[in-house]
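Read-outs: derived from the displayed coordinates by stated rules, not from any lab. Because the structure is a prediction, the values reported are computed rather than measured. Here the Cβ positions follow ideal geometry from the backbone for every residue, glycine too, while neighbour counts run over all protein chains shown.
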Amino acid sequence: MHRRLIPSLRGIFGLARSALLSCTLALAVAGCSDEPLRVSQREDVDLAAAERCVRQTYWAHGDRGDPHMHPGRDCVGCHARSARGPLFTVAGTVFNAPHEVDDCLGHDGAVQIEVTDDTGRPVTIVANAVGNFFTTHAFRYPLRRVRVLGPRAGAVAEMGSPPPHGDCNACHSRAGTLTPTGTSPGRIVAPR
Ligand code: HEC
Ligand code: HEC
């Protein structure tokens, strides 16, 4: 994977506007710092060779408000931009494979997302039948830790750094993203 080391200029400067997540936008809902947080899509992943959708079933109801809507897409950002839909503090999708496409139904096991905020108390969110998870819980920032638990007892995946905000899918896109805290591997995948 030699290309990983030489991301294009477009990747570095995040010129793809849709890939920019302004932390100012997320401030109200995610409570992150006021610094603009630039996230750009990775271009070093061979998406043509990647599994597109393990369940081969897709969300097909557009923007109809529903807990199962748009797995993989930017829940917090769309709800904030459109001023419709709940203002989640943490939301995202757990998938079956690392590079599944947007709107592909995600993992349907009993996966839990455990978010520990500055109080030190973990808050557990249960992902639903398409892998979507979301909460409006009033966290105290900064967030300190995030882990994904299950479905098998003892299976854990932990993010190596504290998440700067709770808009998980903004960084865990299909390809993954270049972020100020590192390179996201793509989707959040249920730990085995
Ligand atoms: C492209 C925009 C968009 C994206 C992406 C999006 N939503 Fe929504 N969502 C909406 C809109 C618009 C509404 C309000 C719909 C309405 O008023 O009928 C909504 C409403 C909801 C509701 C409330 C449903 C109800 O019963 O009232 C939930 C829950 C929800 N979204 C979850 C999510 C989750 C989880 C994600 C990410 C996996 C997500 N949404 C991604 C646009 C979006
Ligand atoms: C600002 C971007 C960003 C946000 C927001 C973000 N992540 Fe991450 N995530 C990353 C990066 C970068 C990595 C890889 C480096 C690391 O672990 O710190 C990662 C890694 C992970 C991993 C480990 C993956 C593996 O293969 O071991 C998990 C699990 C994870 N994130 C879950 C989440 C969840 C759940 C949320 C939402 C609460 C979230 N992330 C929000 C950027 C982000």
Worksheet item: Could you give the dipole magnitude of the stretch 95-192 about its Cα centre, charging the beta-carbon of Lys and Arg +1 and that of Asp and Glu -1, in debye to the nearest 20?
Response: 300 debye
Practice prompt. Please name whichever of V111, N96, P122 sits farthest to the positive end of the charge dipole of the stretch 80-146, dipole taken about the Cα centre and charges placed at Cβ: Lys and Arg +1, Asp and Glu -1.
Written response: P122
Discussion item. Need one number: nm distance between label points at D102 and T124, each 7 Å from Cα along Cα→Cβ, rounded to one decimal.
Written reply: 3.3 nm
Worksheet, complete the sentence: Quick calc, R52 & R147: beta-carbon distance into FRET formula, R0 25 Å, rounding 0.05, result 0.35
Worksheet item: So, by mean Cβ neighbours within 10 angstrom, what's the order for 85-92, 62-69 with the highest one leading?
Response: 85-92, 62-69
Worksheet entry | Segments 103-114, 149-160, 40-51, 129-140 sorted - mean Cβ within 10 Å per residue, highest first | 103-114, 129-140, 40-51, 149-160
